[in-house]
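Novice: Got a structure here, written out as structure tokens. Questions coming.
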Amino acid sequence: MEVLNTAWALLPPIVAIVLALITKETYTSLFVGIVIGAILVSISLCGSVDPITTLNCIISGTAADGESTVGLIPAVTDNAGIFVFLVMLGIMVALVNAAGGAAAFGSWAAKHIKGRIGSQIATFILGVLIFIDDYFNCLTVGSVMRPVTDAKRVSRAKLAFIIDATAAPICMIAPVSSWAAAVSGVAEDLNVNGIQLFISAIPFNFYSLLMIVFVVSICIMGFDYGPMAKAELAAWRENELGSLGNEEVAENTKASLWDMLIPIVVLIISCIIGMLYVGGFWDPESGVAGDIINSFGNTDAFVALPWGSLIALVISFIYLLVRRVITFKDAAATFVAGFNAMVPAILVLTFAVTLKGMTGALGAAPFVEGVMGTYAAGLYAFLPAIIFLVAAFLAFATGTSWGTFGILIPIVLPVFAAEPTLLTIGISACLAGAVCGDHCSPISDTTVMASAGANVNHVDHVSTQLPYVITVAAISFVCFLVAGFVQNALICLALGVVLTVGALIVLKKTIGTVVNKDEKVAA
């Protein structure tokens, strides 16, 4: 049975996703997907199911291509840097909580941020401001805003959605970000001015831009629909926020707002400096010395974020001890507490990355690439919309947006070589679809980070935000369909805004639940 570079490559993630949505069991579902992937790799290597080869693939074995490795051990090895960052951030959160900084910030926010709408908009604004990197965005925004949204009885599922919606979608339209650098790098390899191509594609990136409109509008309109409405009602009526726990907030009369803000500001500054340093900003031999954009493009977030978080942790530790808001013994105890709090996120990320590796080793990307190439020629004006759908599906199934646009951009460039405007629209469709699929994929590392930032069950986050992502994706598809013929960003974007707001008005009157008034508009 031929499984390499065929539709069989998509079976492991599809099974894992469907199983997770049905059972609500994240770990088991992902592991089942890993086992199925290992069985398929075994078939491709041995011609039939071999138990030893299957077990090797689950732990650490040769992939179907005969060169790369797959399994749990490579997943941990390749992502050790982000695990260190997770642990460092967990310790910082536990330290600030134990010192009373989180409680002090919560008290301040309760007085100055008015109502549920205000807390959600504040979360959105902070998410937009931290546009440098999606991992950093998810964990930082979640840590800062949890006390605020908790005080206003906003569910953790809604918090996770806002965090996720301002992570990858915002990074994808920010010229100075790790995502811009990744896109530019792919384009540069094809002898195209990468950053110029990225900037020109921003006005046509309908998914990212319309997601901003969607988040702001649904927060201001004060309603929810689908599984999110159920989560919000439970939070509002019964104070069941959906937290995973281990977040005891210590009250301390000596603590002040600054005991929360200073560690966060130091973390932001040190991580940005870390990304620039690792990227060669101060290295005369790097070739990008003094160049901020290219330094971000040359950086390695898996090294830079642990670099910055370690500095921030040491400074915060010393600062809070000097302030005498926490004893040395209590501060030291937060190391274990912080690590324990991040164990669920580390476990989910390990399984998700392992499953992603299985899917990639089985050739999911070449299969989708081949299908797209077969039908591209006869659907020229419709291609932007088709590219958006293909990119969204590929990113959803594989859990990687960077891998998706890395595969599709080289295909899009020659197809639209004679049409500069359609080339820009095609690249935008590729990037928008990649972000869309990544945004809602249960095996996407960004989705896992958003769940970790909000400290909410991962499957709950995925299932509650899926209807919202589908709504914006459907409108974006229409915009790309029109853009293939109109080729005007302003007209298409205006159409998208009208459709987004109009869809929300209709949804509010039909299936929406106005949570903040404790009033059900529709069953």
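The values are calculated or read from the model by the stated rules, or taken from the named source; none is laboratory data. Because the structure is a prediction, the values reported are computed rather than measured. Cβ coordinates were reconstructed from backbone atoms using ideal geometry, including for glycine residues, and neighbour counts include every protein chain displayed. Note: areas computed on protein heavy atoms with side chains; ligands, DNA, RNA excluded. Shrake-Rupley method; radii C 1.70, N 1.55, O 1.52, S 1.80 Å.
Novice: I'd like the distance separating the alpha-carbon centroids of segment 71-136 and segment 251-287, in whole Å.
Specialist: Spelled out, the Cα-based centre of one part sits 13 Å from the other.
Novice: Continuing with the same structure: For segment 67-120, what is the accessible area per residue in Å², given a 1.4 Å probe and the full set of protein chains?
Specialist: Details: 1940 Å² over 54 residues.
Accessible surface, normalised per residue, equals 36 Å².
Novice: Please list 3J(HN,Hα) in residue order for segment 148-164, calculated via the Karplus relation 6.51 cos²θ - 1.76 cosθ + 1.60 where θ = phi - 60°; whole Hz, with x for glycine and proline.
Specialist: Karplus values, whole Hz, x for Gly and Pro: 5, 5, 4, 5, 9, 6, 8, 5, 5, 5, 5, 4, 4, 4, 5, 4, 5.
Novice: Which of the three applies to the chain, rounded, prolate or oblate, going by the alpha-carbon gyration tensor with a ≥ b ≥ c and a/c under 1.5 meaning rounded?
Specialist: Values: a/c = 1.43, a/b = 1.25, b/c = 1.14.
It is rounded, given that a/c, with a ≥ b ≥ c, falls under 1.5.
Novice: Residue-wise, which Karplus ³J(HN,Hα) couplings in Hz belong to segment 350-360, taking 6.51 cos²θ - 1.76 cosθ + 1.60, θ = phi - 60°, and x for glycine or proline?
Specialist: Residue by residue, segment 350-360 yields 4, 5, 5, 5, 4, 5, 4, x, 4, 4, x Hz.
Novice: Got a number for carbon plus sulfur as a percent of segment 418-474's accessible area, 1.4 Å probe? The partial results should precede the final answer.
Specialist: On the way: 590 of 940 Å².
In segment 418-474, the share of accessible area belonging to carbon and sulfur is 63 percent.
Novice: How much area per residue is accessible in segment 398-514 when the probe is 1.4 Å and only protein heavy atoms are counted (Å²)?
Specialist: Working: 3430 Å² over 117 residues.
For segment 398-514, the per-residue accessible area is 29 Å².
Novice: Could you give the distance between the Cα centres of segment 197-247 and segment 1-40, to the whole Å?
Specialist: Taking the Cα centre of segment 1-40 as reference, the centre of segment 197-247 is 28 Å away.
Novice: For I14 and W108, calculate 0.36 nm times their separation in residues minus their Cα-Cα distance, and state this gained length in nm to one decimal.
Specialist: Net length gain for the segment: 29.3 nm.
Novice: Also: Can you compute the modelled spin-label distance between I273 and L129, with each label point 7 Å from Cα toward Cβ, in nm?
Specialist: In this crude label model, I273 to L129 measures out at 2.0 nm.
Novice: On the protein heavy atoms, probe 1.4 angstrom, tell me the percent of accessible surface of segment 190-325 carried by carbon and sulfur. Provide the component values of the computation, followed by the final result.
Specialist: Numbers: 4090 of 6530 Å².
Answer for segment 190-325 is 63 percent, counting heavy atoms of protein chains only.
Novice: What shape does segment 383-523 have by the C-alpha gyration tensor, where a ≥ b ≥ c are the square roots of the eigenvalues, rounded means a/c under 1.5, and otherwise prolate means a/b greater than b/c and oblate the rest? Walk me through the intermediate numbers first.
Specialist: Values: a/c = 3.31, a/b = 1.37, b/c = 2.41.
Verdict is oblate for segment 383-523.
Novice: Moving to a separate point now. Taking the Cα centre of the chain as origin, sum charge times position over the Cβ atoms of Lys and Arg (+1) and Asp and Glu (-1), and report the length of that vector in debye to the nearest 20. Don't jump to the answer; show the numbers that get you there.
Specialist: Working: 20 positive and 32 negative charges, 382 e Å.
The calculation lands at about 1840 debye.
Novice: Among the lysines, which have Cα under 23 Å from the Cα of K329 when same-chain residues fewer than 8 positions away are ignored?
Specialist: Within the straight-line cut-off, K329 pairs with K254.
Novice: Looking at V497, S119, M92, which one has the Cα that reaches farthest to the positive end of the dipole of the chain (charges on Cβ: Lys, Arg +1; Asp, Glu -1)?
Specialist: It is S119, whose Cα lies furthest towards the positive end.
Novice: Rounded to the nearest 0.05, what FRET efficiency is calculated for W258 and I117 with R0 set to 25 Å and r the Cβ-Cβ distance? Can you show the working numbers first?
Specialist: Values: r = 27 Å, r/R0 = 1.07.
Once rounded, the FRET efficiency stands at 0.40.
Novice: Right, here's the next one. Shape call for segment 377-438 from the C-alpha gyration tensor, a ≥ b ≥ c root eigenvalues: rounded (a/c under 1.5), prolate (a/b greater than b/c) or oblate?
Specialist: Values: a/c = 2.22, a/b = 1.82, b/c = 1.22.
Prolate, because a/c is 1.5 or more and a/b exceeds b/c.
Novice: Can you show me the helix-derived [θ] at 222 nm for the chain, built from DSSP H runs with n ≥ 4 at -39,500 (n - 2.57) apiece and divided by the number of residues, rounded to the nearest 500. Can you show the working numbers first?
Specialist: On the way: 25 runs with 385 residues, N = 523.
The helix-only estimate for the chain comes to -24000 deg cm²/dmol at 222 nm.
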